[in-house]
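Worksheet for the structure shown next.
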Amino acid sequence: MSADDTGPPPPSSPVSRDLRVGELVQARYRIDAQLGQGGMGRVYRATHVGLQRPVVLKLLHPQLALDDESIARFRREALLGARIDSPHVVRVYDIEQLPDGRYLVATEFAEDGTLRSRLAVTKSLSVPAALRIALDIGRGLVAAHGAGIVHRDLKPDNVVFQGELAKIIDFGIARLQEQGAAPLTAAGIVLGTPRYMAPEQVEGKEVTPRTDLYTFGVILYEMLSGTVPHNAESTPALLCQKAFEPAPPLATRVRGLVPAPLLELVDRLLAIDPATRPASAAEVVAELEAITTALGATDPARE
């Protein structure tokens with residue numbers, strides 16, 4: 001089965017209520033707490049009772065349980081995530097259909113918050129801290145791109161922590177760069193989070209691994225400066241900036257001392273033309289490793 005197979009449609013049975021704390025699901029997942037909800041479904045912290053392992057359960061919203069496109073996207077996130085084998089990407093453990101037709105996905109539980117929550121407190125990070133996180137994100141992208149997957153919605157909300165290890169989550173709108181893979185969205189449709197989208201996403205053009213590198217650059221920019229490169233009062237104005245206005249050089253936004261090679265790397269990642277960005281996530285990681293070594297900072301992967 002390819003990662004784009006949607007499988008059979010769910011049965012047209014009535015959908016059930018939301019899960020309750022203490023409830024046992026599929027005879028193995030005990031619901032511990034509701035963590036939140038998004039456009040596709042609710043998210044719970046749970047325990048695999050057989051393995052005594054904490055997990056995150058994502059349950060498709062009842063009103064989407066009979067919608068073929070929603071089901072396809074929900075399953076797609078799990079199937080694409082399961083293709084990636086990396087400590088820097090949250091692992092997918094299980095996907096299955098409940099008796100009422102809804103799909104349930106079980107993933108690794110990273111319990112130490114998101115990059116967004118950390119930036120909400122500190123606004124910006126020190127250069128060593130930003131480099132450690134960037135190396136983790138970059139290595140996650142190397143694995144994802146190596147599996148033929150472009151994330152398309154990389155942002156601080158989609159980077160979580162397990163201790164100090166950063167992991168990428170949420171492949172809900174990811175694209176499989178594989179011959180014959182069927183897209184779930186028509187050409188020209190804009191998907192992503194405006195403040196982090198690449199110019200080619202804004203214009204509805206083809207996305208490639210270099211699209212993720214642009215959004216990676218936005219995250220680095222924010223970690224080091226406390227702000228994103230483009231900001232506007234309205235979404236249309238922001239998208240126009242993204243498509244046509246070069247990002248202000250990072251050097252004009254940082255308060256502290258940032259090494260020149262790091263400033264230059266971020267600026268290249270934010271090039272409007274994808275062809276002038278670094279060629280691959282592996283190339284970016286190599287540059288980040290060199291900068292880390294030059295600073296005498298610690299890279300946990302090399303300890």
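The values are calculated or read from the model by the stated rules, or taken from the named source; none is laboratory data. Model, not experiment: these values are computed from the prediction. Here the Cβ positions follow ideal geometry from the backbone for every residue, glycine too, while neighbour counts run over all protein chains shown. Remember, those area values only see protein heavy atoms, side chains included, never the ligands or the DNA or RNA. Shrake-Rupley method; radii C 1.70, N 1.55, O 1.52, S 1.80 Å.
The set of residues in region 208-232 that are within 14 Å of Pro278 (Cα to Cα) and open to solvent by 10 Å² or more (accessible area, probe 1.4 Å) comprises Thr208, Pro209, Arg210. Considering Thr292, Thr252, which residue is of a type in the set (S, T, N, Q) and closer than 17 Å to Arg139 by Cβ? So the residue among Thr292, Thr252 that is of a type in the set (S, T, N, Q) and closer than 17 Å to Arg139 by Cβ is Thr292. In the set (1) farther than 13 Å from Ala198 by Cβ; (2) in a helix (DSSP H, G or I), the condition left unmet by Val258 is number (2). Between Leu51, Leu79, the distinction of being under 22 Å from Lys167 (Cα atoms) and among the aliphatic types (A, V, I, L, M) belongs to Leu79 only. Within region 38-50, take every residue that is within 17 Å of Ala78 (Cβ to Cβ) and not β-branched (Val, Ile, Thr) and give me the one that is surrounded by the fewest Cβ atoms within 10 Å (Cβ to Cβ). My answer is Gly39.
Remark: Ile84 matches the filter, which requires a residue to be modelled with pLDDT of 85 or more and surrounded by 22 or more Cβ atoms within 10 Å (Cβ to Cβ). Across region 52-70, the qualifying residues are those that are open to solvent by less than 20 Å² (accessible area, probe 1.4 Å) and not in a loop (DSSP other than H, G, I, E, B), and the one among them that is modelled with the highest pLDDT is Val55.
Using the structure shown, decide if Pro99 is open to solvent by 50 Å² or more (accessible area, probe 1.4 Å) and in contact with a Leu (Cβ under 8 Å, 6 or more places away or on another chain). The answer is no for Pro99.
Given the condition closer than 20 Å to Lys155 by Cβ and over 17 Å from the mean Cα position of the chain (by Cα), answer yes or no: does some residue in region 216-224 qualify? So far as region 216-224 goes, yes, one or more of its residues are closer than 20 Å to Lys155 by Cβ and over 17 Å from the mean Cα position of the chain (by Cα).
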